[in-house]
1. Output the qualifying pairs, or none if there are none: Cβ atoms under 7 angstrom, residues six or more apart or on different chains, first residue in the stretch 55-84 and modelled with pLDDT of 85 or more, second residue outside any helix (DSSP H, G or I).
2. Checking I70 against (1) farther than 22 Å from I117 by Cβ; (2) in contact with a Pro (Cβ under 7 Å, 6 or more places away or on another chain), which test does it fail?
3. In the stretch 46-83, how many are in contact with a Leu (Cβ under 9 Å, 6 or more places away or on another chain), over 27 Å from S111 (Cα atoms) and of a type outside the set (G, A, S)?
Amino acid sequence: MTNWRAVVIGFLVTTILGVIGFALPGVGQLAAGLIGGFVAGYLAGGGLGRGFWHGLLAGALGGIVFGLLIALLVAIAGWAGGPAGGLFGGIAGIGIFGVAVLVSFVLALESAIAGAIGGVLNPKRTSQYGPPADRY
């Protein structure tokens, strides 16, 4: 089960460090993704796979939300063309969202790898509702 608290915290860490990372183009963005993914994986805990999944979601969340907003905008704009425009706008919106999700997950792989490392370093926490690790 996905620990959305860990994902959102990892996403927020990535976003804040990404804004600060504009001062170091490339390196700052990479560091932000790595640190945010690590935080998500560590907070989720439970081992390699669970940390990987939460780091991947934390890294991809911004792209998924942005893709959904663009897809909805295209679908709504299609309504201006009447029924045919609405149909084509809806199909285009679904396609845009699918591509945005795919690209987001590919670009979030560094966050996923860092999340896997974080999950391995916190193996005691097994679920969102389970007992917290001793370090909390």
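The values are calculated or read from the model by the stated rules, or taken from the named source; none is laboratory data. These numbers come from a predicted model, not from an experiment. Counting neighbours? That spans all protein chains shown, and the Cβs are built from the backbone with ideal geometry, glycine included.
1. Here the result reads L56/A108; L57/T2; G59/A108; A60/A108, each pair linking the stretch 55-84 to a residue that is outside any helix (DSSP H, G or I).
2. In the conditions (1) farther than 22 Å from I117 by Cβ; (2) in contact with a Pro (Cβ under 7 Å, 6 or more places away or on another chain), I70 misses (2) alone.
3. Within the stretch 46-83, residues that are in contact with a Leu (Cβ under 9 Å, 6 or more places away or on another chain), over 27 Å from S111 (Cα atoms) and of a type outside the set (G, A, S) number 0.
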